[in-house]
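Down below is the structure, laid out as structure tokens.
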Amino acid sequence: MTAAFLNRVGRRLLGAVVFGAALGIWEAWARSEPSFLFPPVTAVLERAWQVWPTTDFLTSVAASLERLAAGYALGAGIGIAAGLLMGSLRAARRTLEPLVEFLRAVPPVAIVPAVIVVLGLGNGMRIAVIAFAVCFPVLVNTVEGVRAVAPETRDTAAMLHLGLAETIFRIYLPAALPSIVAGLRVALSIGVIMVVISEFVGASDGIGHYILFQQSQFNVPEMYGGILFLGLLGYVLNRLFLLVEDHLLSWHFRAAGEPTR
Amino acid sequence: MLSDVTFDVREGELLSVVGPSGCGKTTLLRLLCGLTPPSDGSVLFNGKAVMRPPREVALVFQDYSRSLFPWLSVIRNVMLPLRRAGLRRGEKIARAEAVLQEMGLHGVARKYPWELSGGMQQRVAIARALVSRPKILLLDEPFGSVDALTRTELQDVLLRVHGDFEERRVTIVHVTHDIDEAVYLSDRVLVLGSAPGRLVASIDVELERPRVQTATRSSPRFLAVRNEIHDVIASREREAGHLGV
């Protein structure tokens, strides 16, 4: 066993200890001031253990995940496409930049009422709101990634007689991929936020709706359970994302001499 | 950047361009390969003006780490120029592998560029430039980023390419700041002066081929040519000094 290995195990362990300690503080605090509105974590987990496997809850989770997947795919797709275009063509950048900068400055939450007016209270509204929020970090990172492509790399593409489309897809897209992936990762957590927010308004399912509904019924442990579930979901999604990233960018990490995670 | 630079490149010639840094060597090369259109004057290739990179011209950059694509394996990098060659996939692979062999690269086809040493990466870059069988090969300080030993190795690789590559003769224009290297490799050396970049001298090397690192470099003719070039550059600098430039 090497020192590096022990070090890594040690760090993992420390992470778990800190996490456990936070739960311990919650538990002790809640027990020291018994209140119906602030249940101890054990009570929350006990309820979660009963509620999470029910069809009702899982249906809500599935509804949220579907919205996230649709909104994320749509937003990321638009972000990457527009970003590649704006990064590659100065004319496109000049034309679109003011609009993008303006829309980007609008907090995505603020457009919810407007989107409800246009699209109603259905899934379309929720997906649109998620896509809107996801789009900009991806777009900005894509533009930056393409603009950072080395002049030698651009010249090489020109000397290889690659057309615009080929230059974009064969050179700019892979060259900008590390930056794009960083944007996609940020966008993923933003996506989860927007799923919940979109489900706070007029939804009949989804985790956001579940949390708000349990709160309105004074089912406080269930409400906390929903929040915990979101934390867990975010964590798992991020881990999955890192797996995909390692696979997609292994050439990049290895070329840079970084050890893979 | 450049003014009053007129010269011909003869078919099959190995021409080197030397000069102090900032004299526009790289600009000249970019003009030759059509990456930068001239603001005045013209670059003619077989009588036709070069406004964009012609298909018969390939360029090797100094910085192989930026010209080779790290997301593609060596063989895929080398096959890139063949995408529109109208060849079957198998033929493209065979041709790319043949050029790699020619460059003295064995068993690296499936590796990635960043897994190779600097010298090997530059060989891959030269292989990629040659795979589409260009008539003219341009090199911009191609050995500037490798160590001295690798440098002499790569010089001889270039000489082999020039002398007999797939039974054709490639015209080579090579930009360097290393006068000895220019003399060792070339049929003719162009000397550029700075501020503004202009053609100062065109010197025929007239050393016999094949060239051999030790023998060629210690021959009287080699020393005479390299001293002549040094003198030309030094007198130019003196002149510039007198004029207060």
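The values are calculated or read from the model by the stated rules, or taken from the named source; none is laboratory data. Remember, it's a predicted structure, so these values are computed and weren't measured experimentally. Note that we place each Cβ from the backbone using ideal geometry, even for glycine, and neighbour counts take in every protein chain shown.
Looking at B:Arg226, B:Arg236, which is the one that is surrounded by 15 or more Cβ atoms within 10 Å (Cβ to Cβ), over 30 Å from B:Arg95 (Cβ atoms) and modelled with pLDDT under 90?
On the way: B:Arg226 fails: modelled with pLDDT under 90.
Answer to the check: B:Arg236.
Might you check whether a residue that is of a type in the set (Lys, Arg) and not in a helix (DSSP H, G or I) occurs anywhere in the range B:166-173?
From the range B:166-173, those of a type in the set (Lys, Arg) are B:168-169; that's our starting set.
Those still in the list that are not in a helix (DSSP H, G or I) too: B:168-169.
Scanning the range B:166-173, I find at least one residue that is of a type in the set (Lys, Arg) and not in a helix (DSSP H, G or I), so the answer is yes.
Cβ-Cβ distance below 6 Å, separation of 6 or more or different chains: which pairs start in the range B:80-92 with a residue that is within 14 Å of another protein chain (Cβ to nearest Cβ) and end on one that is surrounded by 13 or more Cβ atoms within 10 Å (Cβ to Cβ) and basic (Lys, Arg)?
B:Leu82/B:Lys92
Identify the single condition in (1) assigned to a helix (DSSP H, G or I); (2) at pLDDT below 95; (3) among the charged types (D, E, K, R) that A:Asp205 does not satisfy, given that it satisfies every other one.
(1)
Identify all residues within the range B:100-128 that are over 20 Å from A:Trp251 (Cβ atoms) and more than 17 Å from the chain's Cα centre (by Cα); write none if there are none.
Result: B:Gln101, B:Glu102, B:Gly104, B:His106.
Can you go through B:Ala240, B:Ala201 and tell me which one is among the aliphatic types (A, V, I, L, M) and outside any strand (DSSP E or B)? Before the answer, list the steps.
Working: B:Ala201 fails: outside any strand (DSSP E or B).
The unique qualifying residue is B:Ala240.
Would you be able to say whether some residue in the range B:180-188 is out of contact with any Phe, Trp or Tyr (no Cβ under 8 Å at 6 or more places or on another chain) and at pLDDT below 90? Step through it out loud before you land on a result.
Quick first cut of the range B:180-188, residues out of contact with any Phe, Trp or Tyr (no Cβ under 8 Å at 6 or more places or on another chain) only: B:180, B:182, B:185-188.
So of that shortlist, the ones also at pLDDT below 90 come out as none.
Checked against the condition, which is being out of contact with any Phe, Trp or Tyr (no Cβ under 8 Å at 6 or more places or on another chain) and at pLDDT below 90, the range B:180-188 yields no hits at all.
Out of the residues in the range A:227-258 that are within 13 Å of another protein chain (Cβ to nearest Cβ) and in contact (Cβ under 8 Å) with a residue 24 or more places away in the chain, state the one that is surrounded by the most Cβ atoms within 10 Å (Cβ to Cβ). Steps first, please.
First pass over the range A:227-258, keeping only residues within 13 Å of another protein chain (Cβ to nearest Cβ): A:247-258.
Next cut, in contact (Cβ under 8 Å) with a residue 24 or more places away in the chain only: A:248-249, A:252.
Values: A:Leu248: 16, A:Leu249: 21, A:His252: 18.
If we take residues in the range A:227-258 being within 13 Å of another protein chain (Cβ to nearest Cβ) and in contact (Cβ under 8 Å) with a residue 24 or more places away in the chain, then A:Leu249 is surrounded by the most Cβ atoms within 10 Å (Cβ to Cβ).
Can you name the residue in the range A:162-179 that is farther than 20 Å from B:Arg83 by Cβ and within 13 Å of another protein chain (Cβ to nearest Cβ) and is also surrounded by the fewest Cβ atoms within 10 Å (Cβ to Cβ) among such residues? Please lay out each step first, then the result.
At the first step, the residues of the range A:162-179 found to be farther than 20 Å from B:Arg83 by Cβ are A:176-179.
Imposing the further condition that a residue be within 13 Å of another protein chain (Cβ to nearest Cβ) reduces the set to A:176-178.
On the way: A:Ala176: 26, A:Leu177: 20, A:Pro178: 18.
Restricting to residues being farther than 20 Å from B:Arg83 by Cβ and within 13 Å of another protein chain (Cβ to nearest Cβ), the top hit is A:Pro178.
Of all residues in the range B:33-53, which are facing chain A (nearest Cβ under 10 Å) and among the charged types (D, E, K, R)?
Within the range B:33-53, just B:Arg52 meets the criteria.
Could you please give the count of residues in the range B:58-69 that are facing another protein chain (nearest Cβ under 8 Å) and closer than 17 Å to A:Leu162 by Cβ?
Final tally of qualifying residues: 6.
Please verify whether A:Ala203 is away from chain B (no Cβ under 14 Å) and either buried (at least 24 other Cβ atoms within 10 Å of the Cβ) or not polar (S, T, N, Q) (or both), treating the condition exactly as stated.
Numbers: away from chain B (no Cβ under 14 Å): yes; either buried (at least 24 other Cβ atoms within 10 Å of the Cβ) or not polar (S, T, N, Q) (or both): yes.
Judged against the criteria, A:Ala203 is a match.
Can you work out which of the residues in the range A:136-161 that are outside any helix (DSSP H, G or I) and more than 8 Å from chain B (Cβ to nearest Cβ) is surrounded by the most Cβ atoms within 10 Å (Cβ to Cβ)? If you could, list the steps in order and put the result at the bottom.
Within the range A:136-161, the first condition is being outside any helix (DSSP H, G or I), and the residues that meet it are A:148-150, A:160-161.
Subset that is more than 8 Å from chain B (Cβ to nearest Cβ): A:148-149.
Details: A:Ala148: 13, A:Val149: 20.
Ranking the candidates gives A:Val149 first.
A:Val196: within 14 Å of chain B (Cβ to nearest Cβ), more than 30 Å from B:Ala129 (Cβ to Cβ) and within 23 Å of the chain's Cα centre (by Cα), yes or no? Working first, answer last.
Numbers: within 14 Å of chain B (Cβ to nearest Cβ): no; more than 30 Å from B:Ala129 (Cβ to Cβ): yes; within 23 Å of the chain's Cα centre (by Cα): yes.
Criteria not met by A:Val196.
If A:Phe218 satisfies every condition in (1) outside any helix (DSSP H, G or I); (2) within 25 Å of A:Met125 (Cβ to Cβ) but one, which is the exception?
Unmet for A:Phe218, out of (1) outside any helix (DSSP H, G or I); (2) within 25 Å of A:Met125 (Cβ to Cβ): (2).
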